[in-house]
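Take a look at the structure below.
Since every read-out is calculated from the coordinates, none of them should be taken as a lab result. All values derive from a computational prediction rather than experimental measurement. A quick note on method: Cβ atoms are made from the backbone with ideal geometry, for glycine too, and the neighbour counts reach across all protein chains shown.
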Amino acid sequence: MICVSIPSIRQVNEDEKPFTAYQVHVRVSSKTHIVEKRYSEFHTLHKQVKKSMETPDFPPKRMRQLTMRGIEQRRQGLEQYIQALLDRDNVPKSLLTFLRVKNFKTISYDSLDELGKEVPSSTHQPVMSFQSDAYLHPSTCESDLHDSLDEGVRLGLYEDMLEVT
């Protein structure tokens with residue numbers, strides 16, 4: 001599962017014209033990385049995704065006032081837009097590329113039935129076994145295991161029975 005948030009912004013003055021960089025926090029499983037994107041990069045992503053599917057509302061390019069309040073509203077809108085794309089059954093590959101997420105296979109709920117067909121049935125085999133019940137017949141049970149290990153297995157298997165009697 002992918003979780004995305006845009007908790008902060010940063011004003012950049014490197015070029016001749018200053019711009020706002022949105023810090024996108026991307027969490028895949030337990031790993032998090034940060035991607036910094038400009039509004040124009042979000043807009044390019046929107047145009048790509050719009051070609052292949054119906055998209056959620058995208059924050060407008062033109063703003064009445066370029067104030068901190070306006071930038072904050074745009075930040076929230078971009079976060080909602082990305083989250084709405086991630087909530088779909090089929091996440092666009094261009095979004096995964098945009099977020100720099102690699103090796104993430106998207107699975108829809110319908111494909112979960114097919115998943116069982118692809119995976120061969122597992123053949124579980126016991127790791128060890130006893131010829132007879134070591135608790136009920138301790139003298140007849142010949143075990144090559146060390147006594148403390150043998151005792152630990154007995155306690156683990158029959159602990160409830162020992163407390164009852």
Checklist line | Residue that is nearest to the chain's Cα centre (by Cα) [pool: residues in the range 67-92 that are polar (S, T, N, Q) and farther than 22 Å from V28 by Cβ] | finding: Q76
Notebook entry, point to check: Quick one: would you say V49 is among the aliphatic types (A, V, I, L, M) and in contact with a strand residue (DSSP E or B) (Cβ under 7 Å, 6 or more places away or on another chain)?
Noted result: no
Check: Can you tell me how many residues in the range 58-83 are outside any helix (DSSP H, G or I) and either touching a helix residue (DSSP H, G or I) at 6+ places or on another chain (Cβ under 9 Å) or within 16 Å of V4 (Cα to Cα) (or both)?
Finding: 6
Next item on the list: Keeping to the range 69-83, report how many residues are out of contact with any strand residue (DSSP E or B) (no Cβ under 9 Å at 6 or more places or on another chain) and surrounded by 11 or more Cβ atoms within 10 Å (Cβ to Cβ).
Entry: 5
Checklist line | Hits in the range 41-57 (condition: outside any helix (DSSP H, G or I), of a type in the set (D, E, K, R) and either touching a Ser or Thr at 6+ places or on another chain (Cβ under 8 Å) or touching a residue at least 12 places away in the same chain (Cβ under 8 Å) (or both)) | finding: D57
Next item on the list: Considering each residue of the range 13-40, count those that are assigned to a strand (DSSP E or B) and out of contact with any Asp or Glu (no Cβ under 9 Å at 6 or more places or on another chain), and give that number.
Entry: 14
